[in-house]
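The values are calculated or read from the model by the stated rules, or taken from the named source; none is laboratory data. Predicted model only: the values in this text are computed from it and were never measured. We place every Cβ from the backbone using ideal geometry, glycine too, and count neighbours over all the protein chains shown. Quick note on the areas: whole protein, heavy atoms, side chains included, nothing else; ligands and nucleic acids left out. Shrake-Rupley method; radii C 1.70, N 1.55, O 1.52, S 1.80 Å.
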Amino acid sequence: MINDHALNDKPTVIGERVRLVPLGPQHAEPFWQATLDPENRRLTGTRREFTLDFVRDWCADRATQPGRLDLAIEDRTTGDYLGELALIDVDHDSESAAFRIALSPGLAGRGYGTEAARLLLGYAFDQVRLHRVQLEVYSFNLRAIRAYQKAGFVLEGHLRDAHMWEGRRYDVFCMAALRGEWRAPAQ
Ligand SMILES: CC(C)(COP(=O)(O)OP(=O)(O)OC[C@H]1O[C@@H](n2cnc3c(N)ncnc32)[C@H](O)[C@@H]1OP(=O)(O)O)[C@@H](O)C(=O)NCCC(=O)NCCS
């Protein structure tokens with residue numbers, strides 16, 4: 001059975017270089033900036049335009065949203081905002097949830113995303129007691145696929161031509177980690 005307290009009481013999770021903290025209004029500005037970046041929009045399939053006011057309200061609401069976790073990724077030393085990640089679509093019956101993550105523009109390729117994903121998986125399995133955490137990633141997002149593999153997600157299959165971006169169709173890869181087999185792999 002899932003531990004709902006671990007979802008509803010928003011945690012702080014501390015790693016070597018990053019920490020995950022409850023997303024709040026203080027993160028709204030850099031969060032919103034990231035939604036404007038064309039490359040981030042392509043990699044995350046974001047089509048919608050967001051206003052800063054909308055993002056501010058959304059960030060402020062996160063602490064009171066039951067049954068999901070929206071966390072900011074911060075630099076452990078400086079507290080700088082690095083990005084955000086979430087555990088969503090929690091299914092109590094199957095003890096599964098979906099995962100998403102986006103670093104701010106210019107911060108990819110430094111290991112932050114892999115560390116943050118590992119921290120969240122550890123929390124999801126050890127504290128929330130989920131059995132399965134799954135995600136979808138576009139076939140062209142090779143950096144994300146590699147980072148997810150390093151974090152312990154396993155490629156399960158692909159949905160053919162499931163995504164269309166600027167007139168081209170792409171496969172969507174399905175990846176997941178299971179509590180029984182997941183270990184935070186060595187770097
Ligand atoms: C996806 C994301 C979370 C990954 O986090 P990250 O901190 O950039 O990833 P890391 O630096 O830990 O690891 C990236 C890995 O991809 C590899 N990589 C980078 N570009 C690559 C490419 N074109 N092909 C194959 N591998 C690639 C790197 O070499 C590294 O692997 P290595 O450590 O074995 O050398 C982050 O890049 C991000 O948020 N990107 C923007 C939004 C996004 O894509 N979100 C995911 C949507 S599903």
task: Return only the number of the condition from (1) within 13 Å of the ligand (Cβ to nearest atom); (2) part of a loop (DSSP other than H, G, I, E, B) that THR78 does not satisfy.
output: (1)
- prompt: Considering THR78, THR114, which residue is surrounded by fewer than 16 Cβ atoms within 10 Å (Cβ to Cβ) and hydroxyl-bearing (Ser, Thr, Tyr)?
  reply: THR78
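Residue-wise test of (1) touching a Lys or Arg at 6+ places or on another chain (Cβ under 9 Å); (2) open to solvent by 60 Å² or more (accessible area, probe 1.4 Å); (3) outside any helix (DSSP H, G or I).
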| residue | (1), (2), (3) |
| --- | --- |
| GLU39 | no, yes, no |
| ARG42 | no, yes, no |
| PHE54 | no, yes, no |
| ILE88 | yes, no, yes |
| ALA102 | no, no, yes |
Long-range neighbours under 6 Å by Cβ, at least six apart or interchain, first residue open to solvent by 70 Å² or more (accessible area, probe 1.4 Å) within the range 146-170, second of a type in the set (Ser, Thr, Tyr) and at pLDDT 95 or above: none
- prompt: Between residues in the range 64-91 that are free of Cβ contacts under 8 Å to residues at least 24 places away in the same chain and of a type in the set (Phe, Trp, Tyr) and residues that are loosely packed, with under 13 Cβ neighbours inside 10 Å and assigned to a strand (DSSP E or B), which pairs lie under 7 Å by C-beta distance while being six or more apart or on different chains?
  reply: none
